[in-house]
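**Student:** Got a structure for you, written out below as structure tokens; questions coming shortly.
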């Protein structure tokens, strides 16, 4: 949501900046455009530079994510081979495939389930069938049409399973160039179309549906291959530099964890399989930490947005547009405070905002907040890291509220006579737009870590029961034979909750709300009530 809002905002800024003023002749030559001072303090990276001497953040991100990538080790090549080119915007497709190093493929593509149905049958029942395939083990009798479809794409899914063993995931980043801007030299990072990443979620769902079908057939080894492929796809997604890719990777991994739980709970699971599957889980690489995306993709997007906005020559129009797009800013207040001394639209052209705002100061303000987020995300203690992120979120909310206070607006109108002061104020305004969703991302990261650790503990409990005849009396009994070190619940910073009876155990995380809901989660909520229950629970019995 933030990315789409800022895309519109920054694009509008640029359009208002570069459009011809009434009564003025259109320039035939490109004039140098203002930008940021290239320095570690302002732009954070010193290159690569574009033809105007400004940092090319799109190219920088491509250089980061394409390091060591070849057509032979890049999973995106497999994705495009199986899914086809349709997800890539047609105007960018030729360049995309050129950078990918392969040619488009349109043969033997994976067909979506709903495309196999007659249009009249693509209704609620079809969606119920699809969801049923994701929820747990299912058979031909449960959904004949879904069974027919999953069998028809068997070969394509096999290609994806094998392809998921590749070591890299690089989807070239190409910014849309046709924005109608006379002096365009390249749109901001925010305008990048990350279309390919959405295919990874579709792939994960399809593989999970096949895994659940195989579980019902008792084909646990084959089902486990699909589960591990989904886990690998999730981790490949997180090799990109943006939070959206991180969140897709986390969502994909959650799909894998759900399917792995069904394998674990199958009455046909053998001791040998329990031990082997546990070993596979322990060998999976960790999902990269959140701060990497904050420090790269998100920071670069923010700084590139400042660099782009700094080209505007009509601050009144730009700030008015920002007013309309930001619910955090009351109508007219920002226009009044930041642009009150701008000349009215007459025949003469308004002065460039580069002379009114020190955009370097804007970038420095944004960098200080990104630095703070990175430092908080690096805190090792679970509770301490959670508290630091919550404090940042509170400060961001207060920052947004300041713009609604008349006293602050009056103060701002007095200090905004100097470019440095204007730069800092605009920096705070942009921060209030760019950063609020990061707290939600942090919660998603903690939840993902909890689910990953909980799944390993659950498999270790099952292996203990199958190897020694009973479940462990307490989780610590799993170490060191099955788990080297017993992890804590990343959602709470405390131990996972473990309850044992003679023949079964209940193991759970307290979920994102950090509260013990007595092993009650989303599925236990009543309509309109119990809306906070979100424990993630795994039940095991001795079979």
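**Student:** Over its Cα atoms, what ratio of radius of gyration to 2.2 N^0.38 Å does the stretch 68-269 give?
**Tutor:** 1.10
**Student:** Follow-up. According to a simple spin-label model (label point 7 Å from Cα along Cα-to-Cβ), what is the distance in nm between residue 279 and residue 418?
**Tutor:** In this crude label model, residue 418 to residue 279 measures out at 6.8 nm.
**Student:** Then there's this: Using the basic label-point model (7 angstrom from Cα toward the beta carbon), what is the residue 154 to residue 111 distance in nanometres?
**Tutor:** Rounded to a tenth, the inter-label distance reads 1.6 nm.
**Student:** Just want the ordering: 438, 134, from fewest to most Cβ atoms lying within 10 Å of their own Cβ.
**Tutor:** Listing 438, 134 from fewest to most nearby Cβ atoms yields 134, 438.
**Student:** When only Cα pairs under 8 Å and 6 or more residues apart are kept, what is the percent relative contact order across the stretch 41-139?
**Tutor:** Reported relative contact order: 17 percent.
**Student:** Also: If you take the beta carbon distance between residue 368 and residue 271 as r and set R0 to 35 Å, what does 1/(1 + (r/R0)^6) give as a FRET efficiency, to the nearest 0.05?
**Tutor:** Plugging the Cβ-Cβ distance into 1/(1 + (r/R0)^6) gives 0.05.
**Student:** Using a 10 Å cut-off around each Cβ, can you sort 114, 496, 130 from fewest to most neighbouring Cβ atoms?
**Tutor:** 114, 130, 496
**Student:** Quick check: the distance between the Cα centres of the stretch 433-506 and the stretch 87-138, to the nearest angstrom?
**Tutor:** About 35 Å separates the Cα centre of the stretch 433-506 from the one of the stretch 87-138.
**Student:** Note down the relative contact order for the stretch 465-542 as a percent, whole number, built from C-alpha pairs under 8 angstrom at least six residues apart.
**Tutor:** It comes to 25 percent, rounded to a whole number.
**Student:** Rank the residues 360, 439 as a footprinting-exposure proxy: fewest other Cβ atoms within 10 Å of their Cβ go first.
**Tutor:** Arranged by neighbour count, lowest to highest, 360, 439 become 439, 360.
**Student:** Between residue 119 and residue 543, with labels modelled 7 Å along Cα→Cβ, what's the label distance in nm to one decimal, could you check?
**Tutor:** 4.8
**Student:** Quick one: Cα centre-to-centre distance for the stretch 149-168 and the stretch 247-291, in angstrom?
**Tutor:** 18
**Student:** Now for a separate question. For the stretch 465-542, go through all pairs of different Cα atoms, get the mean of 1/r, take its inverse, and jot down that Kirkwood value in Å.
**Tutor:** 13.7
**Student:** Over the stretch 438-494, what is the relative contact order in percent, taking alpha-carbon pairs closer than 8 angstrom and at least six residues apart?
**Tutor:** 39
Since every read-out is calculated from the coordinates, none of them should be taken as a lab result. Since the structure is predicted, the reported quantities are computational estimates derived from the model, not experimental observations. Counting neighbours? That spans all protein chains shown, and the Cβs are built from the backbone with ideal geometry, glycine included.
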